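The values are calculated or read from the model by the stated rules, or taken from the named source; none is laboratory data. If you're wondering where the values come from, they're calculated on a predicted model, not measured in any experiment. No Cβ is skipped: glycine too gets one built from the backbone with ideal geometry, and neighbour counts run over all protein chains shown. Note: areas computed on protein heavy atoms with side chains; ligands, DNA, RNA excluded. Shrake-Rupley method; radii C 1.70, N 1.55, O 1.52, S 1.80 Å.
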Amino acid sequence: MGIRRRIVAGNWKMNLDRAGAVALAEAVASGATSSVGCNLILCPPSIYLSPVANALKISKGESPSGVGLGGQNLHDQPKGAFTGEIAPAMLIDIGCSSCIVGHSERRTLFGENDAIVNGKAKAALAAGLTPIICVGETLEEREQNRTAAVVTEQIKGSLEGFSSADLTGSIVAYEPVWAIGTGKVATPEQAQEVHALIRQQLANLTDEETANRVVIQYGGSVKPDNAGILAAQQDIDGALVGGASLKADDFLAIAKHFADAS
Ligand code: PGA
């Protein structure tokens, strides 16, 4: 067992209906023992958090199957006149232990910049949630050889003011935008290179020991047939899975690869 846990999260995005969400959660929970050694998190649409929490039998923050629940987004304020938004404490109340923050779809479609992502991540931490903080370059930025600069800036901006405890209480997800939902997975070398760069940035923000404890997930077209080689990379500690997380068998197979690599 390495120094870091393995964590695979499923981002269901705006998919499924209530019955489908419950059935998928039940199937993942009943198969979760096959991936012992890898923590699992399910991130359903917010309107299905409650039925999925029930399907996972989450009570007082404890999940008997070991499968955790996460939000896909949250607001940075604790309460008030913010129509349509969800406060961090509400996610905790419903049984969440984590929340995706700054997914590239939030950044590009909903105008979230690094300062907003930073505020949301701090609000998540303050409420007791583990933020899954996403960074990643676009195809254009990669082709212009700007990947390192873009990811460095996103890490600095999104994690500004983080203490060591904040960092070890967070998950970072490297998701090259060009690999999300496209079927074009980054090569293991491309992913490892950026993961190592991110870990170096985390060390610069705090110290090496802290950086070595932070779970860094890869995301972008992770499937059962490429998860093994990604999991074998030194700095890839898990995956943030979109499309393949909508099928219990695929999601569990991905998790098993990370469990086997732990
Ligand atoms: P994908 O999505 O696995 O469908 O590429 C990943 C993500 O957006 O987190």
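Return the subset of LYS60/LYS247; LYS223/LYS256; LYS13/LYS256 for which the Cα-Cα distance in this structure is over 19 Å, preserving the input order.
From the list (LYS60/LYS247; LYS223/LYS256; LYS13/LYS256), the Cα-Cα distance tops 19 Å for LYS60/LYS247; LYS13/LYS256.
Taking the solvent-accessible surface of protein heavy atoms with a 1.4 Å probe, what is the per residue accessible area of the range 7-261 in Å²?
Here the residues of the range 7-261 average 43 Å² of exposed surface.
Using the basic label-point model (7 angstrom from Cα toward the beta carbon), what is the MET14 to ARG213 distance in nanometres?
3.9 nm
In the range 1-77, which trypsin sites (Lys or Arg not before Pro) fall in coil by DSSP and have 11 or fewer other Cβ atoms within 10 Å? Display every interim value, and only then the final one.
Numbers: sites: ARG4, ARG5, ARG6, LYS13, ARG18, LYS57, LYS60; in loops: ARG4, ARG5, LYS13, LYS57, LYS60.
Here the trypsin sites (Lys or Arg not before Pro) that fit, given the DSSP loop and packing criteria, are LYS60.
Taking the alpha-carbon set of the range 8-130, what are its Rg and Dmax in Å?
14.2, 44
When the helices in the chain are scored as -39500 (n - 2.57) per DSSP H run of 4 or longer and the sum is shared across all residues, what 222 nm value do you end up with, to the nearest 500 deg cm²/dmol?
Counting only the DSSP helices, I get -12500 deg cm²/dmol.
Rank GLN190, PRO78, SER50 by how far each Cα sits towards the positive end of the charge dipole of the range 7-261 (+1 on Lys, Arg Cβ; -1 on Asp, Glu Cβ) and give me just the farthest.
Of the options given, the answer is SER50.
Subtracting the Cα-Cα distance from 0.36 nm times the residue separation, let me have the gained length for PHE110 to LYS79 in nm, one decimal.
The span from PHE110 to LYS79 would gain 9.1 nm if fully extended.
Summarise the long-distance tail of P(r) for the chain by giving the % of C-alpha pairs beyond 29 Å. Spell out each step's value before the answer.
Numbers: 7898 of 34191 pairs.
Tail fraction, whole percent: 23.
What does the extension gain come out to for GLU140 and ASP225, with contour length at 0.36 nm per residue minus their alpha carbon separation?
27.9 nm
Using only the Cα atoms of the range 61-181, what do you get for the radius of gyration and for Dmax, in Å?
Just the Cα atoms of the range 61-181 yield Rg and Dmax of 14.8, 47 Å.
Express the carbon and sulfur contribution to the solvent-accessible surface of the chain as a percent, rounded to the nearest whole number, probe 1.4 angstrom.
For the chain, the apolar C and S fraction of the accessible surface comes to 51 percent.
May I ask you to derive the relative contact order of the range 80-164, considering only C-alpha pairs under 8 Å and at least 6 residues apart, and to give it as an integer percent?
32 percent.
Please work out the FRET efficiency for the pair SER30 and ILE3, using the Cβ-Cβ distance as r and a Förster radius of 41 Å; give the result to the nearest 0.05.
0.85
In whole Å, what is the distance between the alpha-carbon centres of the range 113-139 and the range 178-234?
17 Å
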